[in-house]
Amino acid sequence: MANGVNVTRSGMPPLEEYIEEIAGLWESHWLTNMGEKHNRLEAELTRYLKVDNLSLFSNGHMALEFALQALELKGEVITTPFTFASTPHAIVRNGLTPVFCDVREENGTIDVEQLEALITEKTSAIVPVHVYGNPCDVVGIDALARKHNLKVVYDAAHAFGVELEGRGIGSFGDMSMFSFHATKVFHTVEGGAVCCREPAHLKALYKLKNFGIADAEHVVAVGGNSKMNEFQAAMGLCNLRHHGEEIAARRRLVARYRQGLAGLEGVRVLLDEGPGLKSNYAYMPVFFDEAVLGVNRDGIMEQLAERGIGTRKYFYPLATDYDCYKADYGRAKTPVARRIAAGVLTLPLYSQLPEGKVEEVCGIIREYCV
Ligand SMILES: *Cc1c(COP(=O)(O)O)cnc(C)c1O
């Protein structure tokens with residue numbers, strides 16, 4: 001796209017740095033199966049994310065599937081329809097039944113006030129999503145989970161590096177899944193991780209991602225293959241060194257967006273920031289309220305597209321409206337999620353986006369909305 005910008009652009013380390021990181025592989029010939037880089041990245045991320053235990057995976061989706069399998073869940077799992085397809089798919093592909101709970105108007109995360117009414121004798125777990133990196137009500141969810149003896153697995157795909165009161169977001173619940181896909185704020189090209197509190201869960205995850213193999217002569221679980229290879233891990237080691245710069249640049253751009261959209265009635269930035277919260281500025285989600293503006297999200301998207309500015313409807317449609325789910329789950333009542341999905345648009349955000357582009361985007365929106 002000439003002069004155009006996309007909604008995101010994968011961060012890349014300097015080429016020489018990556019080459020230096022992978023050079024040793026031509027001597028070791030150890031390319032996958034928990035190699036030196038894999039193990040080093042695991043250790044560095046455990047520290048960086050402030051979690052007890054962490055296991056790397058080939059991608060975030062498989063990480064979530066194996067997390068649910070490791071907990072040996074049965075029956076129903078409560079989740080949110082306002083997420084990426086991966087979340088409900090991981091539940092259904094584990095033979096579990098998703099039950100969809102509505103979300104909070106303020107930040108799109110699961111509404112704990114409505115969660116309890118959905119718990120039945122069949123419920124075994126809750127899979128909330130820290131959507132856009134906005135933390136769920138982890139305290140409220142924890143209290144409910146304890147009261148009803150439920151497991152909690154967070155889809156933290158968006159929440160890399162987020163901290164609450166100095167605690168790593170991945171330290172809440174029984175497990176959390178992070179995605180390191182190329183479009184995420186930290187990436188390993190494709191990749192992911194599961195964090196967990198229990199060392200026994202870590203052992204289970206380790207086996208499951210390697211065919212359930214316990215040792216040379218024992219296969220103890222019906223696992224699969226989801227190991228992170230050395231080239232992915234090398235990309236992660238490089239990107240982790242530059243992660244601070246990436247976040248700082250994004251923080252400045254988000255502040256610019258906030259300024260540029262300030263005072264526009266019916267336009268709301270769906271990002272949590274504030275004391276006690278270390279945000280990661282993974283996305284720039286903006287909610288456009290058609291009832292106030294008189295114009296809709298799709299119109300705004302079109303205006304921007306005409307000037308070469310790419311945006312995304314994250315997340316639309318709701319999972320309950322997918323062709324593969326609507327027959328079974330289309331009756332779920334989630335009016336807030338429906339309203340947000342109808343009005344949300346994520347705007348371009350990546351560290352190398354010029355500030356002038358942010359001003360241009362805000363200008364186009366102002367012109368169209370006022
Ligand atoms: C990206 C994403 C995933 C899946 O991660 P992959 O690494 O792409 O497999 C899961 N959940 C959410 C909310 C995501 O955005």
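Any read-out appearing in this document is the output of simple, stated calculations on the displayed coordinates, not a laboratory observation. Keep in mind it's a predicted model, so treat the numbers as computed, not measured. Here the Cβ positions follow ideal geometry from the backbone for every residue, glycine too, while neighbour counts run over all protein chains shown.
Extending 7 Å from Cα along the Cβ direction at Lys203 and again at Val222 yields two label points whose distance is 2.3 nm. Largest GNM mean-square fluctuation among Leu304, Leu253, Leu264, using the chain with Cα springs under 10 Å: Leu264.
Give the calculated FRET efficiency between Glu72 and Asn3 to the nearest 0.05, with a Förster radius of 35 Å applied to their Cβ-Cβ distance. Calculated transfer efficiency: 0.10. The distance separating the Cα centre of the range 190-228 from that of the range 36-109 comes to 15 Å.
Label-to-label distance for Asp298 and Asp321 is 1.0 nm, based on points extended 7 Å past Cα in the beta-carbon direction. Where both partners of a DSSP beta bridge lie in the range 68-175, what percent of those bridges are antiparallel, to the nearest 5? Taking every DSSP beta bridge within the range 68-175, about 20 percent pair in antiparallel fashion. With a threshold of 25 Å on the Cα-Cα distance, the over-threshold entries among Lys74/Lys326; Lys74/Lys207; Lys50/Lys227; Lys122/Lys326; Lys74/Lys313 are Lys74/Lys313. Electrostatic bookkeeping for Pro275 treats Lys and Arg as +1 and Asp and Glu as -1; over the other residues with beta carbon under 13 Å from its beta carbon, the sum is -3. A Förster radius of 22 Å combined with the Cβ-Cβ distance from Ala291 to Lys313 puts the calculated FRET efficiency at roughly 0.75.
Please work out whether the chain counts as rounded, prolate or oblate from its C-alpha gyration tensor, where a ≥ b ≥ c are the square roots of the eigenvalues and a/c under 1.5 means rounded, while otherwise a/b larger than b/c means prolate and anything else oblate? Oblate is the answer for the chain, as a/c is 1.5 or above yet b/c matches or exceeds a/b. Using a Gaussian network model of the chain with C-alpha springs under 10 Å, which one of Asp323, Asp137, Asp298 is most mobile by mean-square fluctuation? Among Asp323, Asp137, Asp298, the largest mean-square fluctuation in the Gaussian network model of the chain belongs to Asp323. For the range 260-334, the square roots a ≥ b ≥ c of the C-alpha gyration tensor eigenvalues yield an a/c of 1.5 or more together with a/b not exceeding b/c, which makes the shape oblate. Between Tyr322, Tyr283, Tyr206, which gets the highest mean-square fluctuation from a Gaussian network model of the chain, Cα cutoff 10 Å? Looking only at Tyr322, Tyr283, Tyr206, the biggest GNM fluctuation is shown by Tyr322. Residue by residue, the range 180-192 carries 3J(HN,Hα) couplings of 10, 5, 3, 8, 8, 5, 10, 9, 10, 6, 10, x, x Hz when phi is fed to the Karplus relation 6.51 cos²θ - 1.76 cosθ + 1.60 (θ = phi - 60°); x denotes Gly or Pro. Given their separation in residues at 0.36 nm each and the Cα-Cα distance between them, Lys333 and Ala305 gain 6.8 nm when the chain is fully extended. Between Val344 and Phe288, the built amide H atoms are under 5 Å apart, and every one of these is 5 or more places off in sequence or on another chain.
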